[in-house]
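Accompanying notes for the structure given below.
The values are calculated or read from the model by the stated rules, or taken from the named source; none is laboratory data. Keep in mind the model is a prediction, meaning the values are calculated, not measured. Cβ atoms come from the backbone with ideal geometry, glycine included; neighbour counts cover every protein chain shown.
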Amino acid sequence: MPSARNKIAQQIISHKLIAIIRLNNSSSVQATLSCLVQGGVNALEITSNTPDFCLHIELARQQFPAVLVGAGTILNRELAKQAIAAGAQFLVTPNVNADVVEIAHDNNIPVLMGATTPTEIANAIAYGADIVKLFPANALSIDYYQALKGPFADTPMFAVGGISSNNASAWLSSGIQGVGVGSELAKEITSENAMTEHIRSIKQFIESVYE
């Protein structure tokens, strides 16, 4: 039987989309999360530089039990431990970090590990990364990714950094397993009307990119 870690990694790959929540105001995070879930997002990444990120992970796990909730911008062992204690179901790094993988795997949690170059990707695989986060995707290109597919054909990858409705479909058509989308999906919500409108725009994004 696959481990819980492998099951979560496979779920993330099957969803093909992670919404990245990086906000400045703690007070608006829960409304934003609610919009994302109502809009049809099944995997949420709350970054460590969002105020009260551990609290928001805890609340999201309680409120949205059917949705995967992970922690992003995990730069070191301490942040990894805090995120896991809060209930994060997966960790995301911007860089190659063996310490984060070790802690995550000790807790049966997958890691999406940030990497840019062939050497970084090879190191991420050697350390046991479950998915490689090709980052920053907007500074690279789809051609760059397709060149990587030769030596790394068996490595699941997500494109992250500058992904939007303008380019998400093209990335997915290139064969990449999924994308992480930040500012277009995870916006500060200031009113009920804004929530309604944003839920509609999230649904439109998902329909245009995935259906």
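Computed quantities for the displayed model
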quantity: The range 116-151, residues that are over 21 Å from Ala104 (Cβ atoms) and in contact (Cβ under 8 Å) with a residue 24 or more places away in the chain; calculated: Pro118, Pro136, Ala137, Asn138, Leu140, Ile142, Tyr145, Gln146, Leu148, Lys149, Pro151
quantity: Residue match in the range 160-172 (condition: among the hydroxyl-bearing types (Ser, Thr, Tyr), surrounded by fewer than 16 Cβ atoms within 10 Å (Cβ to Cβ) and in a helix (DSSP H, G or I)); calculated: yes
quantity: Helices (runs of 4 or more DSSP H) lying entirely in the range 1-63 (those with 2 or more residues that are under 15 Å from Phe90 (Cβ atoms)); calculated: 4-15, 53-63
quantity: Residue count for the range 173-203, restricted to those that are under 16 Å from His15 (Cα atoms), of a type outside the set (Gly, Ala, Ser) and surrounded by fewer than 20 Cβ atoms within 10 Å (Cβ to Cβ); calculated: 2
quantity: Residue identified as within 30 Å of Gln38 (Cα to Cα), among the β-branched types (Val, Ile, Thr) and at pLDDT 95 or above among Ile121, Ile125, Ile74; calculated: Ile74
quantity: Evaluation of Asn138 against (1) at pLDDT 95 or above; (2) within 18 Å of the chain's Cα centre (by Cα) (one fails), failing number; calculated: (1)
quantity: Output for the range 24-42, where each listed residue is of a type in the set (A, V, I, L, M, F, W, C) and surrounded by fewer than 23 Cβ atoms within 10 Å (Cβ to Cβ); calculated: Ala31, Val37
